[in-house]
Each structure stands twice: as structure tokens, then as C-alpha cells.
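The values are calculated or read from the model by the stated rules, or taken from the named source; none is laboratory data. Here the structure is a predicted model, which means the values were calculated and not measured. Quick reminder, even Gly has a Cβ in these numbers, built from the backbone with ideal geometry, and neighbours come from all protein chains shown. Ligands, DNA and RNA are excluded from the accessible area calculation, which covers all protein heavy atoms including side chains. Shrake-Rupley method; radii C 1.70, N 1.55, O 1.52, S 1.80 Å.
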Amino acid sequence: MLDRLKRLMRHRWSDSAVRKAIPADLMKRLTRRVAASERRHTGQIRLCIEGGLPWSYLRRGAPARERAVTLFGKLRVWDTEHNNGVLIYLLLAERAIEIVADRALARTIPQQAWEALVRQMGAAFREGRYEDGLTEAIAEVSALLVQHFPAEEPQRSDAAGVAQAHANELPDAPLLLLRDGAED
């Protein structure tokens, strides 16, 4: 019972940790890194950082993985043209990191590769180096996507006749989920 109460307290007052770990200037840098990455491959990368789990998850003792899989669906990461979207999810209250890869990625990249990436990120986060951990994660995921799903030559043109690469199907900006109801 005491452990459940401690968990609840950790999750309820975690919004300030999100804003401290991921300030506005870091959001801009991460957005640019995701956009630059996605020009090199056909995959889609989505970052989601949450301070604490919603009450419905806490009440039933749900793990961070369940929340990550739910967000993978809600954010439509599963719905990309090539089925090669990836969600990088951080739950700050539990220092949990989850990577959820879509079908094409799951068939191509072994689970051990994702687990190794989570360990690398975890080391940076334990030291409070969120930017380093997220930058490394974007670089590693990007390298895997470039290797297995490289960008194709532009095949479309916009209204002005300028060649366009593949569509950007998901927002590049990280999503911050806060308990106060705000989403950044």
C-alpha cells in the first residue's frame, strides 16, 4: 500500500520535472533534429515525454509500456505509409523509457537493438543529460531507418514544380504531456 501511495505522489507532481528536463529551447532543437533525420529516410520518429501517468493507469498499476503502446496508437504512429514509424516515450516519474516500433521496423530490426538503445538513453537520463540522451536516440533510430528504409529520390512535385521528398506524416515537435491538462 505504501508503494502505491509513493507511486501516486511521484506521478501527481511531475509536471515541473517535464518543464525543467525539456525547456522550450530544447524542444526547438529536438524538432529540428527529427525533421533533419526524416529527410534521410522514409520513417517517422515521434518523441513523447510525460511527467506522470494518468490516474486511470495508476489506479490499476499499469506499466509505462502500456501507456507507450496506447500513445503509439493515439498519435497514429502505426498509421504511416511504410509502417515504419517509431515512438520514443519517456515517463519521467518512473524514469522509464519505451520504444515502440511499427510492423515494418519490428520485422527488420531485432528487439535487442531497441533494448540497447534504451540502455544508452537510460544512462544519459540518470545523469540528468536529457538532451544528450534524446539526441543520441534520434541519431541511433535515424541510422537504423537510413539503413533499412533510406529516402527515395523525390518523385512528386509541388504546385510550383519543385521536387518533393516523401510526405512528413507526423509532427516533428516532441509532445509533452502534462497533468495540468496542457500539451506542448
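Look at the alpha carbon pairs under 8 Å that are at least 6 residues apart: their mean separation over the length of the chain gives a relative contact order of 32 percent.
Taking Cα atoms only, the orientation of helix 64-74 departs from the longest principal axis of the chain by about 40 degrees. If the cut-off is 28 Å between C-alpha atoms, which lysines fall inside it for LYS6, apart from same-chain ones fewer than 8 positions away? Cross-link targets: LYS20.
Once the Cα gyration tensor of the chain is found, what semi-axes does its equivalent ellipsoid get, as square roots of 5 times the eigenvalues, in whole Å, sorted largest first?
31, 17, 15
Share of the chain's accessible area from carbon and sulfur, percent, 1.4 Å? Carbon and sulfur together cover 53 percent of it.
The coefficient of translational diffusion for the stretch 43-115, derived via Stokes-Einstein from the alpha carbon Kirkwood radius under 37 °C and 0.692 mPa s, stands at 260 µm²/s.
Label-to-label distance for GLU66 and ARG12 is 2.0 nm, based on points extended 7 Å past Cα in the beta-carbon direction. Using 0.36 nm per residue and subtracting the Cα-Cα separation, the extra length available between GLU81 and ALA35 on full extension is 14.9 nm. For the stretch 79-108, the list of trypsin sites (Lys or Arg not before Pro) that fall in a loop by DSSP and count at most 16 other C-beta atoms within 10 angstrom reads ARG95. Dimensions of the stretch 1-40 based on its C-alpha atoms, expressed as ranges along the principal axes with the largest first, amount to 49, 20, 9 Å. Residues of the stretch 37-57 falling in the label zone of GLN147, defined by backbone nitrogen less than 20 Å from a point 7 Å along Cα to beta-carbon, are 37-46.
A viscosity of 0.890 mPa s and a temperature of 25 °C, combined with the Kirkwood radius over Cα pairs in Stokes-Einstein, give a translational diffusion coefficient for the stretch 1-69 of 172 µm²/s. One decimal place: the segment ARG95-LYS28 gains 21.9 nm when fully extended, by the rule 0.36 nm per residue minus the C-alpha distance.
Here the dipole of the chain is about 820 debye; that uses its Cα centre as origin and unit charges on the Cβ of Lys and Arg (positive) and Asp and Glu (negative).
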